[in-house]
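The values are calculated or read from the model by the stated rules, or taken from the named source; none is laboratory data. Bear in mind the structure is a predicted one, so any value in this text is a computation, not a measurement. No Cβ is skipped: glycine too gets one built from the backbone with ideal geometry, and neighbour counts run over all protein chains shown.
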Amino acid sequence: MLESVEHEHWDMVIEPHGHLFDLKLRDVWHYRDLLALLVRRDFVSFYKQTVLGPVWFFIQPLFITITYTFVFGRLAGISTQGLPAPLFYMAGITAWNYFSECLTKTSTVFRDNSNVFGKVYFPRLIMPLSIIISNLIKFGVQLGMFMVMMLYYGLKGAPFHMTAYAFLFPLVVLQMALFGLGAGMIVSALTNRYRDLAFLIAFGVQLAMYTTTVIYPLSSVPLKYKWLIALNPMTPAIETFRLGFLGQGTFTWPSFGNSLLTTLLIAGFGIIIFNKVERNFIDTV
């Protein structure tokens with residue numbers, strides 16, 4: 001009898017909590033079908049029961065680009081490094097929107113999914129990962145619109161060109177995803193106990209945009225402030241994105257390397273603190 005029990009195969013074994021660095025990544029892979037289902041749910045729910053549906057993916061960045069072109073380009077006269085203003089702003093908006101969406105939606109993952117977390121087991125890390133991947137689809141749609149705009153201005157003979165830095169684009173996207181994931185999970189862990197932070201994150205992200213080069217090039221920043229703007233990991237990402245696709249931007253390997261290192265540290269710390277909080281968050285949610 002004892003031998004038959006020892007040779008039984010179990011689909012799941014419930015064990016005591018492991019150490020802090022036990023991230024259960026094998027469980028995440030085991031539940032990859034659930035991850036795909038959650039990504040589909042997030043994508044479909046965005047435009048379900050709306051009149052325009054997926055068209056909203058295009059309307060939002062287009063309207064923001066038009067507004068920025070008029071306010072910052074025409075009225076304020078901020079330099080766009082000789083690039084067509086809509087192209088300059090669309091590049092920054094496309095990159096920033098992906099990061100900000102990842103951050104804001106991940107920051108409320110405990111609150112938004114408390115009813116699911118309290119009923120069934122699955123690796124909790126799947127929830128923020130599904131947000132990152134579903135927003136990547138939206139990012140791809142907006143990137144396609146940016147490419148169409150590039151084609152339009154290219155046919156008109158606008159002064160821009162792609163450079164070899166475009167090969168860094170996958171690394172830039174990975175950096176933005178990890179930065180949004182890590183920062184969002186840190187905020188989600190804090191908002192689980194301090195609910196006031198949830199009210200701050202929405203407009204805090206909007207304010208943080210002005211500390212990056214979404215609406216101005218890094219080259220136009222006064223020297224005494226340039227180092228501070230460059231410390232933001234999103235600044236090298238946006239500058240590299242513009243330099244690769246439009247031929248205008250500020251890039252140095254030390255700055256880009258520092259942004260990658262900072263992003264990895266934030267992502268690692270975010271995953272660890274998320275893993276710690278998810279063990280007992282149901283008692284405080």
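Structural remarks
- The set of residues in region 88-114 that are more than 15 Å from residue 129 (Cβ to Cβ) and not in a helix (DSSP H, G or I) contains only 108.
- The residues of region 71-87 that are outside any loop (DSSP other than H, G, I, E, B), touching a helix residue (DSSP H, G or I) at 6+ places or on another chain (Cβ under 9 Å) and more than 22 Å from residue 140 (Cα to Cα), listed by number, are 72, 73, 74.
- Every pair of residues 6+ apart whose Cβ atoms lie under 6 Å, when the first sits in region 241-253 and is in contact (Cβ under 8 Å) with a residue 40 or more places away in the chain and part of a loop (DSSP other than H, G, I, E, B) while the second is β-branched (Val, Ile, Thr) and surrounded by fewer than 20 Cβ atoms within 10 Å (Cβ to Cβ): 247/163
- The selection criterion, being assigned to a loop (DSSP other than H, G, I, E, B) and surrounded by fewer than 17 Cβ atoms within 10 Å (Cβ to Cβ), holds for residue 194.
- The residue that is modelled with the highest pLDDT, among those in region 17-75 that are small (Gly, Ala, Ser) and surrounded by fewer than 14 Cβ atoms within 10 Å (Cβ to Cβ), is 36.
- Meets criteria (closer than 19 Å to residue 270 by Cβ and over 21 Å from the mean Cα position of the chain (by Cα)) for residue 193: yes
- Flag not set for residue 202, criterion: buried (at least 22 other Cβ atoms within 10 Å of the Cβ), out of contact with any His (no Cβ under 7 Å at 6 or more places or on another chain), touching a residue at least 12 places away in the same chain (Cβ under 8 Å) and part of a helix (DSSP H, G or I).
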